[in-house]
Amino acid sequence: MKMKWVSVALLMAVVGLTAGCRRLDERKVYRVARDYVEQQVGEGVEVSPMDKALFAVGKNAARVDIDYRRGGGSPVEGYMTVWCKRIRMRWAFERATDTRL
């Protein structure tokens with residue numbers, strides 16, 4: 001009976017650590033994508049927060065969809081899909097597509 005509880009605790013620890021790592025990867029990918037969107041759209045852009053972005057994170061590749069909006073003299077609104085790749089434990093920009101509405 002004691003061995004069963006040890007096995008369950010070990011399984012829960014592994015699942016918890018795996019879920020935690022996925023969330024850290026999402027945060028890092030979001031930062032790379034956000035920086036790229038801000039650079040491309042220009043000054044005064046409002047980027048959707050991390051909880052509103054859509055993620056697909058794998059082992060060595062990731063994709064994030066980010067909504068953005070810029071007001072002012074020439075308003076721009078749309079979303080950008082940014083692909084990233086993992087290089088030596090760091091996420092780096094790979095390519096992006098922009099759909100302006």
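Given the options VAL82, VAL57, name the one that is within 19 Å of GLN40 (Cβ to Cβ), among the aliphatic types (A, V, I, L, M) and out of contact with any His (no Cβ under 6 Å at 6 or more places or on another chain).
On the way: VAL57 fails: within 19 Å of GLN40 (Cβ to Cβ).
One residue alone meets the criteria, VAL82.
Cβ-Cβ below 6 Å, separation at least six or inter-chain, first residue in the range 65-80 and without any contact (Cβ under 8 Å) to a residue 60 or more places away in the chain, second in a loop (DSSP other than H, G, I, E, B) and open to solvent by 70 Å² or more (accessible area, probe 1.4 Å): which pairs?
Filtered contacts from the range 65-80: GLU77/LEU101; GLY78/LEU101.
The values are calculated or read from the model by the stated rules, or taken from the named source; none is laboratory data. These numbers come from a predicted model, not from an experiment. A quick note on method: Cβ atoms are made from the backbone with ideal geometry, for glycine too, and the neighbour counts reach across all protein chains shown. Remember, those area values only see protein heavy atoms, side chains included, never the ligands or the DNA or RNA. Shrake-Rupley method; radii C 1.70, N 1.55, O 1.52, S 1.80 Å.
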